[in-house]
Each structure stands twice: as structure tokens, then as C-alpha cells.
């Protein structure tokens with residue numbers, strides 16, 4: 001599967017604002033500054049599709065993008081949606097804003113019936129954070145298929161990446177859950193991410 005076209009569709013908070021679609025949807029979740037927007041820009045080969053910021057927690061909306069793909073030996077296109085979820089773990093927000101975030105995400109998980117899979121991004125250099133563990137538990141509870149994407153693997157030696165992936169699996173108690181090392185700088189993991197999406201949607 002090869003992504004050939006992508007465009008921003010809509011930002012939303014409440015179910016009534018979710019974009020109408022007949023296509024399946026994949027969401028990307030993770031802490032602020034873990035690299036969700038950068039990953040989306042990388043796999044779609046678009047520098048500015050998803051907005052990135054040096055200020056953690058800037059994304060406070062559910063941002064949806066329409067993706068067109070092509071398949072080997074086929075002239076037909078396939079379509080799916082990507083949803084960039086608001087980051088969590090940011091310190092400079094009020095308790096009310098954090099509660100609003102929790103309600104927004106929980107509602108999205110339960111009411112967005114087009115949602116077919118969620119990728120949880122974690123920094124490969126960091127130990128399991130309680131907020132990431134909480135999100136993982138929420139994914140298990142939702143029964144929505146998910147994978148982990150270990151970002152920023154260019155920041156560590158290539159030889160220790162397998163060791164860090166094993167640590168992530170151990171700390172998050174992952175069984176039968178794929179953990180994909182990813183680097184937007186070195187273009188590592190792009191094919192694995194798109195293949196995971198393809199297995200779920202097509």
C-alpha cells in the first residue's frame with residue numbers, strides 16, 4: 001500500500017461535529033511532543049499536513065485527514081481517515097481542560113464507529129509513564145485493535161533498539177501487540193506503520 005494523496009478534513013470535539021465518512025479510521029495517540037503530527041506528515045510525505053509545534057499540548061481538537069492510497073498491480077484507489085488525537089501529559093493546562101480532554105477521548109473511542117485501530121506513540125528513550133499506561137489500559141478496555149509506535153529511535157544507537165523494544169513490551173505488559181520503532185529523520189518504520197494500517201482496513 002502506498003499513500004498518494006492526503007488532505008485535512010475537519011477538526012472536532014463532539015460527536016455531532018465528527019466528519020461523515022464511509023471509510024475506516026485510524027487514530028494516533030500519545031503524549032504531547034511525542035511526535036504524532038511529525039509521524040503523520042512523514043507517512044503521508046507531506047511536511048505541513050498535520051501542524052507541529054514546540055509547545056506541548058497545542059493540539060486540543062480531534063483533527064481528521066482523508067488519505068488516498070494505491071496498491072501494487074492495481075489501478076484502483078483505497079481511502080481511509082487518520083485522526084490526530086490531542087496530546088496528553090501537558091503540565092500547563094487547567095484541571096477543567098484535562099477533564100475535557102478525557103471526556104473527548106472516551107467519547108471518541110465509544111462513539112466513532114468508523115474507528116478501526118489506534119496507534120499509541122511512546123518515546124523509545126523513556127520509561128513507561130503512568131499516563132501512557134492509563135491510555136494503554138483504556139485501549140484494552142475499548143477492545144479496539146492497537147499497536148505501539150516507539151518514536152525518536154534515531155536518538156539511540158541502532159544496536160540497542162531491540163533491547164528498548166523488549167523493555168517497552170515488558171513495562172506495558174504487551175502480549176500479541178506490535179511495537180514499531182520509528183524515526184521521521186531516518187525514515188525508519190514507515191513501511192511497518194502503513195502495513196499495520198493496511199492489515200486493519202483493506
Within region 19-31, of all residues that are more than 14 Å from residue 78 (Cα to Cα) and surrounded by fewer than 20 Cβ atoms within 10 Å (Cβ to Cβ), the one farthest from the chain's Cα centre (by Cα) is 20
The residue that is farthest from residue 119 (Cα to Cα), considering only those in region 148-161 that are crowded, with 22+ Cβ neighbours inside 10 Å and in contact (Cβ under 8 Å) with a residue 40 or more places away in the chain, is 151
Those residues of region 1-10 which are farther than 25 Å from residue 75 by Cβ and touching a helix residue (DSSP H, G or I) at 6+ places or on another chain (Cβ under 8 Å) amount to 10
query: Is one or more of the residues making up region 127-149 touching a helix residue (DSSP H, G or I) at 6+ places or on another chain (Cβ under 6 Å), at pLDDT 90 or above, in a strand (DSSP E or B) and closer than 21 Å to residue 34 by Cα?
result: yes
Residue hits (region 87-99; in a loop (DSSP other than H, G, I, E, B) and closer than 27 Å to residue 156 by Cβ) are 87, 89, 90, 91
Mind checking whether some residue in region 43-53 is out of contact with any helix residue (DSSP H, G or I) (no Cβ under 8 Å at 6 or more places or on another chain), farther than 16 Å from residue 11 by Cα, at pLDDT 90 or above and buried (at least 17 other Cβ atoms within 10 Å of the Cβ)? yes
By residue number, the members of region 150-189 that are assigned to a loop (DSSP other than H, G, I, E, B) and more than 23 Å from residue 42 (Cα to Cα) are 172, 173, 174, 175, 176
Checked region 188-202 for anything touching a residue at least 60 places away in the same chain (Cβ under 8 Å) and touching a helix residue (DSSP H, G or I) at 6+ places or on another chain (Cβ under 7 Å); matches are 190, 193, 194
Scanning region 100-126 for residues that are in contact (Cβ under 8 Å) with a residue 40 or more places away in the chain and assigned to a loop (DSSP other than H, G, I, E, B), the one nearest to residue 42 (Cα to Cα) turns out to be 124
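The values are calculated or read from the model by the stated rules, or taken from the named source; none is laboratory data. What you see is a predicted model, and the numbers here were worked out from it, not measured in a lab. Cβ atoms come from the backbone with ideal geometry, glycine included; neighbour counts cover every protein chain shown.
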